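Here's the structure we're looking at; comments come further down.
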Amino acid sequence: MSVPSELSEFIIVGFPDLQQEYFHLVAWIFFLLYVITVVGNSILVVIFSLEPSLQKPMYIIMVSLALSDIGFATVALPKLIARYWWNDGIIGIHTCFFQTHMIHYFGSLNSLILLTMALDRCLAVCFPFRYPLLMTVPNMVGLTVFCWIIAHIFPGIGTINFTFASFCGPNKIIQAFCDTLSLTALSCGKTNQYGASYGAAMFILYFPLGLIIVSYFWIIISVFRMKLYSLQGKKKTISTCATQGCIISIYYIPRFFVYSTPFFPNLTMTADKRIITTLFYSFFPPLSNPFIYCLRTKEIKEILKRWIQRRKRIAQG
């Protein structure tokens, strides 16, 4: 498919006000962020693959989230690292379109996975007797595959529109990676591309968020109504919901302000602040998810402890 454009490449600028003397430091920070994110999430995938006892619906969701986080980091960070390590910010126009699609794809996918996780916990807590019948492993696998497929729809609409857009210059993307907002700003003439993409993003992000909030409220209300939960059990449930709520808030709330800036004249952000905010909500959840959702889980901690003890016995003799 041909692209009616005079440009063949873009330049990822990153932080426009960052002095060149700090480029290598920033590259190392992003490199370590990438390694920790990939390793942390890969550990969960390996544990799930090797331990048959974890072949359960809840852990299928966790592995799906881990794979999504690895995918997002791999799409977004290597080019940003190259930009600051070797001062190589050049990215081909088709590669930029692909990166834009995958950035928004994994954002949409994570939103659907978080919704699936909330619904799974809601069913487990509020309907404990029906849960084994409703949330079987085949059902969860089917739901997970459905999420991975349907998450392409909304970003795909924007990607197709961009292939027919014209880009006459400038070609500098003032962002850490290619995204819809940056490409729209560089397109020639007037376009309603961002308006359509904004509407799609609001739907795929905040419709699931509404259901997630309802699910967690339902969990909390059900726990306090059930006499079988001790006071300690209720406190643990509230603590878990609060922790997950913080991660969910970081994932959703800053996105709204970044995406909505073009539509609210009084809502202004400098380029550096917008990039920092984008990096924060994009990479903090993937970095922390293995610890928040997975490594705090009792079963996984026991498996890791067993593996470590086995290693010690092998080393000793």
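Just a few scattered comments:
- Selection status of SER49, of a type in the set (S, T, N, Q), under 22 Å from ASN139 (Cβ atoms) and either touching a residue at least 12 places away in the same chain (Cβ under 8 Å) or out of contact with any helix residue (DSSP H, G or I) (no Cβ under 7 Å at 6 or more places or on another chain) (or both): yes
Results for (1) under 28 Å from the mean Cα position of the chain (by Cα); (2) modelled with pLDDT of 80 or more, shown as yes or no for each residue.
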{"site": "SER222", "(1), (2)": "no, yes"}
{"site": "TYR229", "(1), (2)": "no, no"}
{"site": "ILE238", "(1), (2)": "yes, no"}
{"site": "TYR252", "(1), (2)": "yes, yes"}
{"site": "THR270", "(1), (2)": "yes, yes"}
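- For region 47-65, the count of residues that are under 30 Å from LYS172 (Cα atoms) and surrounded by fewer than 15 Cβ atoms within 10 Å (Cβ to Cβ) is zero.
- Pairs where the first residue, in region 108-121, is crowded, with 24+ Cβ neighbours inside 10 Å and at pLDDT below 90 and the second is not basic (Lys, Arg) and not in a helix (DSSP H, G or I), C-beta under 8 Å, 6+ apart: none
- Tally, over region 147-184, of residues that are under 17 Å from the mean Cα position of the chain (by Cα) and hydrophobic (A, V, I, L, M, F, W, C): 10
- From the list LEU32, LEU25, LEU80, the one residue that fits, being in contact (Cβ under 8 Å) with a residue 24 or more places away in the chain and not in a strand (DSSP E or B), is LEU80.
The values are calculated or read from the model by the stated rules, or taken from the named source; none is laboratory data. In this text, all values refer to a predicted model and were calculated from it rather than measured experimentally. For neighbour counting, all protein chains shown are included, and Cβ atoms are generated from backbone atoms with ideal geometry for every residue, glycine included.
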